[in-house]
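What follows is a set of notes on a single structure, which appears directly below.
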Amino acid sequence: MSSVYDQLGGEAAINAAVDVFYRKVLGDKYVIRFFEGVDMDKQAAKQRAFLTMVTGGPNSYTGKDMRDGHRHLIKMGLDDSHFDHILCHLRSTLAELGVAQELIDTVISVAESTRDDVLDR
Amino acid sequence: MPTIQYDGQDYFCATDETVLESLERHGVMLPSSCKSGTCQTCLTRALKGKPPTASQQGLKDTLAAQNYFLACICKPDEDMEIGLATISPKYVAKLISKDQMNESIIRIRFELPDEFSYRPGQFINLIRPSDELTRSYSLASISSDPFLELHVKRVPEGRMSTWLFDEVTEGDELSFFGPSGDCFYLPDDPGRTLLLVGAGTGLAPLHGILRDALEQGHHGSIHLFHASLATQGLYLIEELRELAKQFTQFEYTPCVLHGNTPEGGKQGNVVDIPGQVLGSFNGYRVYLCGDPQIVSDLRQKVFMAGASMQDIQSDPFVFAPA
């Protein structure tokens, strides 16, 4: 079976999703402090990589990268509640782009599987 | 079998092999990470030859136009010479004119060296011959101008700007390297709406981009917001008003933080004004130049108001004293 990534329309769909997703994240006062002072272009590239990974597109995801990339945020207080907010933005991004519910559930379960890596547990 | 030239050496790229794989096979380790075209760590530039379009996925259009590509997903169609930077010859040109634009900004024009080509809005690195002090300045001229033009702000205790203001005179020779930068007009979509916002000498690249767009027949709307603390800090007001009369698609809005507002202008924070006037930036191509804090705040504002990250070009200036 083809991946959600292919069913969505590949790279072009991911580019559209990055804008919607990143806009939701930056608009969320509960998580914004983790993104302040971050280079927006670099951050958008990371989000593109993340969205590519959770939709099953070409990626080289490693749990170690995820741990190393978020450890400094854990010192700032990153916890499950923030992770939940991001999942919520991911879910609404996909819904807004008209992705079918079952595909959204698949993507969310992949994203959920990174929780312990992101929170370094 | 395409040949990849890197750092003076030739490397053969096998069928179905990426540039990154080919170089790694020969012991050349470019920085890379995801190997799937997403993280952009392996961003490389083709100095000769053209990279396949597929190897430029996710890159900003102005980077793609300068033949940047992602080595990890690039299966070359033709021979290429690659590297991270072009090596610029040192150009020497005589100063033609120096004009005071307002209390703290001068416009300098100097000869266009024969072999020098650039895209208006890019910058050059100007060198002071006595000690090789180097500073970056954006090009405000366009390719059909018979000169190069820079706008220079007097920086308190700034060595380069003090020298340019007080010592350099007509006929003196200036030397420079360049051009560089990815803040320039692209003629791929002449009907698109453009937003240009800058403070102070951030107008220099925007003036180049604006005139370049008009000369290339851009017919979509072009909105320019030029800001300063007060009216005395603005410049080129009459020229820009004249352009707005001549080209109906162009709209010029001078902005001041306080004091009297020039006719047709706005008072307030330039970070907020474009959004107040235009509402959404969905589908816009955006150019932001000047003070780094203003550029950074505007970038977030226009993105949140609908501009795509891919379509926001910015050039934050750093003003170095001493």
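Observations on the structure shown:
- Over chain B, DSSP H runs of length four or greater, each weighted -39,500 (n - 2.57), average out per residue to a 222 nm ellipticity of -5500 deg cm²/dmol.
- Ordering A:51, A:25, A:90 by Cα displacement along the dipole of region A:4-118 toward the positive end leaves A:25 in first place; charges were set at the Cβ atoms of Lys, Arg (+1) and Asp, Glu (-1).
- Only the Cβ atoms of Lys and Arg (+1) and of Asp and Glu (-1) were treated as charged; on that basis the dipole of region B:91-180 about its Cα centre amounts to roughly 320 debye.
- Helix runs (DSSP H) in chain B reaching 15 Å along axis by Cα, Kyte-Doolittle at least -1.0: B:203-215, B:292-304
- A convex hull fitted around the alpha carbon atoms of chain B yields 149 Å³ per residue.
- Mean residue ellipticity, 222 nm, helices only, chain A: the sum of -39500 (n - 2.57) across DSSP H runs of n ≥ 4, divided by residue count and rounded to 500, is -21000 deg cm²/dmol.
- Relative protection proxy for A:69-79, A:16-26, A:89-99, from highest mean packing down: A:16-26, A:89-99, A:69-79 (other beta-carbon atoms within 10 angstrom).
- When you restrict to C-alpha pairs under 8 Å that are six or more residues apart and normalise by the size of chain B, the relative contact order lands at 13 percent.
- For residue B:81, distant residues with modelled amide H under 5 Å away: B:5, B:47, B:48, B:49
- Using alpha-carbon coordinates, inclination of helix A:101-112 to the longest axis of chain A, degrees: 30
- Residue B:144 sits among other residues whose Cβ lies under 12 Å from its own Cβ, and their net charge, with Lys and Arg +1 and Asp and Glu -1, is -2.
- Hz values of 3J(HN,Hα) by residue in region B:66-78 - Karplus curve (6.51, -1.76, 1.60), Gly and Pro given as x: 9, 6, 6, 7, 9, 4, 6, 10, 9, 9, x, 8, 9
- Dipole of chain B, positive direction: furthest Cα of B:56, B:67, B:27, with charges on the beta-carbon: B:56
- Using the average count of surrounding beta-carbon atoms within 10 Å as a protection proxy, the listed peptides B:33-40, B:157-164 rank, highest first, as B:33-40, B:157-164.
- The mean number of partner chain beta-carbon atoms within 10 angstrom of a residue's beta-carbon across peptide A:35-43 is 2.
- Dipole check for the protein assembly as shown: with +1 at the C-beta of Lys and Arg, -1 at the C-beta of Asp and Glu, and the Cα centre as origin, the magnitude is about 780 Debye.
- For chain A, fraction of C-alpha pairs farther apart than 23 Å, in %: 25
- Cβ neighbours within 10 Å from other chains - mean over B:305-316: 3
- Per-residue mean of foreign Cβ neighbours for A:4-16 is 1 (Cβ atoms of other chains, 10 Å radius).
- Extreme residue, positive dipole direction of chain B, given options B:165, B:146, B:194 (C-beta unit charges): B:194
- Residues of region B:76-102 with amide N under 18 Å of the 7 Å Cα→Cβ point at residue B:173: B:89-97
- The alpha carbons of the protein assembly as shown give a radius of gyration and a Dmax of 23.9, 72 Å, in that order.
- Here residue B:266 is the anchor, and the aspartates and glutamates within straight C-alpha reach of less than 15 Å, apart from those fewer than 8 places off in the same chain, are B:251.
- Computed over region B:1-59, relative contact order equals 17 percent, with contacts defined as Cα pairs under 8 Å that lie 6+ residues apart.
- Enclosed volume per residue, in Å³, of the convex hull spanned by Cα atoms of region B:72-126: 159
- Across region A:4-118, C-alpha contacts under 8 Å between residues 6 or more apart give a mean separation that, scaled by the residue count, equals a relative contact order of 36 percent.
- Applying a DSSP loop filter and a limit of 16 other Cβ atoms within 10 Å to the chymotrypsin sites (Phe, Trp or Tyr not before Pro) in region B:210-267 leaves B:247.
- 10 Å-binned pair-distance histogram of region B:194-316 (Cα, whole percent): 14, 50, 34, 3
- The 3J(HN,Hα) values that the Karplus relation (6.51, -1.76, 1.60; θ = phi - 60°) gives for region B:35-50 are, in residue order, 6, 9, x, 10, 7, 6, 5, 8, 3, 9, 10, 7, 7, 9, x, 10 Hz. Gly and Pro appear as x.
- Relative to the longest principal axis of the Cα atoms of chain A, the long axis of helix A:63-75 makes an angle of roughly 40 degrees.
- Computed over the Cα atoms of region B:1-114, the ratio of the radius of gyration to the Kirkwood radius (Rg/Rh) comes to 1.19.
- Crossing angle, helix A:80-96 versus chain A [Cα axis fit, 0-90 degrees, rounded to tens]: 30
- Computed over region B:82-221, the ratio Rg/Rh where both radii use C-alpha atoms and Rh is Kirkwood: 0.98
Every number here is computed from the coordinates shown, using simple stated rules; none is lab data. It should be emphasised that the depicted structure is a prediction, and the values quoted were computed from it without experimental measurement. All Cβ positions, glycine included, derive from the backbone under ideal geometry; neighbour counts span all protein chains shown.
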